[in-house]
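> Input: one structure, supplied below.
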Amino acid sequence: MTLDRRTPLDTARLRFREMEEGDFDQMAALLGDPEMMRFYPAPKSQKEAAEWIRRSRERYAAHGFGLWIIETHDGEFVGDCGLTWQTSNGRDVLEVGYHVRADLQGRGYATEAAQACVEEARRRLAPTELTAIIHPENTASRRVAEKLGMTHTEDDHGHDWIVRTVMSMRLR
């Protein structure tokens, strides 16, 4: 069986592609930025950034999807966005995740990219539940999830560092 490894369709301003080892410098800068990672336990080290890329590549091979690089049509790196299997309260959930460079936040890129991923999940996996797992103080991320049509469904108590907000929607 051949996995469907398409990326989401291009949007008005963004295109998607698989993450590659050559993206290390940009991903290390994104994940190592204290402002960008303020809702994580800590910014990621260079080793953790390399692991992030490796796991994304494993997800493409295993599932046909993962976190994709998002960039403008001119090739400017914006961040990553995609679909990953996560755990919430001890059960596997499909999550749409997004990380946009701190200097590009507030321009609608996360919503635009996440909406394309929602449509990709709908094409590939519907009917299914799609979630966004969000730090409770991350109001910008919560607004993105709400714009996608998600509502708060539960709190995730599966991590000792934070109780996370879980928002979800049913894809048909």
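Derivation of every value follows stated rules applied to the coordinates shown; laboratory data play no part. Everything quoted here is computed from the prediction, not taken from an experiment. Every residue, glycine as well, gets a Cβ built from its backbone with ideal geometry; the counts of neighbours run over all protein chains shown.
> Kindly list the number of the only condition in (1) part of a strand (DSSP E or B); (2) touching a Lys or Arg at 6+ places or on another chain (Cβ under 7 Å); (3) among the acidic types (Asp, Glu); (4) surrounded by 16 or more Cβ atoms within 10 Å (Cβ to Cβ) that fails for Glu112.
Result: Glu112 passes all but (1).
> Filter the stretch 7-38 down to the residues that are more than 14 Å from the chain's Cα centre (by Cα), in a loop (DSSP other than H, G, I, E, B) and more than 18 Å from Thr72 (Cα to Cα) and list them by number. Talk me through it step by step, then tell me what you get.
Restricting attention to the stretch 7-38, the residues satisfying the condition of being more than 14 Å from the chain's Cα centre (by Cα) are 9-15, 20-26, 28-29, 32-35, 38.
Then drop every residue that is not in a loop (DSSP other than H, G, I, E, B), which leaves 9-13, 20, 33-35, 38.
Within the stretch 7-38, Asp33, Pro34, Glu35, Arg38 meet the criteria.
> Moving on to the next point. Can you confirm whether the stretch 116-139 contains a residue that is part of a strand (DSSP E or B), surrounded by 14 or more Cβ atoms within 10 Å (Cβ to Cβ), under 14 Å from the mean Cα position of the chain (by Cα) and of a type outside the set (Val, Ile, Thr)?
yes
> Considering only the stretch 54-101, state which residues are surrounded by 22 or more Cβ atoms within 10 Å (Cβ to Cβ) and in a helix (DSSP H, G or I).
Result: Ser56, single match.
> Related question: Return the pairs, sorted by first residue and then second, in which the second residue is surrounded by 14 or more Cβ atoms within 10 Å (Cβ to Cβ) and not in a helix (DSSP H, G or I), the first residue lies in the stretch 39-51 and is among the basic types (Lys, Arg), the beta carbons are less than 8 Å apart, and the residues are 6+ apart or on different chains.
Lys44/Met37
> While we're here: Name the residues in the stretch 64-123 that are more than 18 Å from Asp10 (Cα to Cα), in contact with a Ser or Thr (Cβ under 7 Å, 6 or more places away or on another chain) and not β-branched (Val, Ile, Thr), would you?
Within the stretch 64-123, the subset more than 18 Å from Asp10 (Cα to Cα) is 84-95, 101-106.
In the following step, the residues that additionally are in contact with a Ser or Thr (Cβ under 7 Å, 6 or more places away or on another chain) were identified as 88, 93-95.
Answer for the stretch 64-123, where residues must be more than 18 Å from Asp10 (Cα to Cα), in contact with a Ser or Thr (Cβ under 7 Å, 6 or more places away or on another chain) and not β-branched (Val, Ile, Thr): Ser88, Leu94, Glu95.
> Filter the stretch 17-44 down to residues that are closer than 19 Å to Gly108 by Cβ and touching a Leu at 6+ places or on another chain (Cβ under 8 Å), then give me how many there are.
1
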